[in-house]
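The values are calculated or read from the model by the stated rules, or taken from the named source; none is laboratory data. Since the model is a prediction, treat every value here as computed from it, not as a measurement. For neighbour counting, all protein chains shown are included, and Cβ atoms are generated from backbone atoms with ideal geometry for every residue, glycine included. Remember, those area values only see protein heavy atoms, side chains included, never the ligands or the DNA or RNA. Shrake-Rupley method; radii C 1.70, N 1.55, O 1.52, S 1.80 Å.
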Amino acid sequence: MFCPSPRYSIPKNSEKYNKHCTDTRRHMKMHFVLIHGVCIGAWCWYKLMPLLRAAGHDTTALDLSGSGSDPRRLNEIVTVDDYLEPLMEFMSSLPQGER
């Protein structure tokens, strides 16, 4: 796994290098919200989600309106706001520091 080095050089495989990389990864935990493309659903992320989780990140894959397991029919989705409603609801439910 790649570990970004600080401005100064730390010899690889040294105790200081390993500590820096561990500390850097610990602070780089992120929450990835995965959005599918057209004519597909959240299931399309089934290979990527385990990799992100194994790297210590939180992941959420959402079905947008009328896609995947979302029950709405396409004729019920009139505007882009309608289409993005599941994403907007999820994002507003996150704590301020995770948005």
For region 49-74, name all the residues that are under 24 Å from V38 (Cβ atoms), assigned to a loop (DSSP other than H, G, I, E, B), open to solvent by 50 Å² or more (accessible area, probe 1.4 Å) and of a type outside the set (S, T, Y). G68, P71, R72, R73
Within region 75-98, tally of residues that are loosely packed, with under 10 Cβ neighbours inside 10 Å and either among the charged types (D, E, K, R) or not in a loop (DSSP other than H, G, I, E, B) (or both): 6
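Please work out which residue is nearest to the chain's Cα centre (by Cα), limiting yourself to region 60-97 and to residues that are of a type in the set (D, E, K, R) and over 23 Å from Y46 (Cβ atoms).
E85
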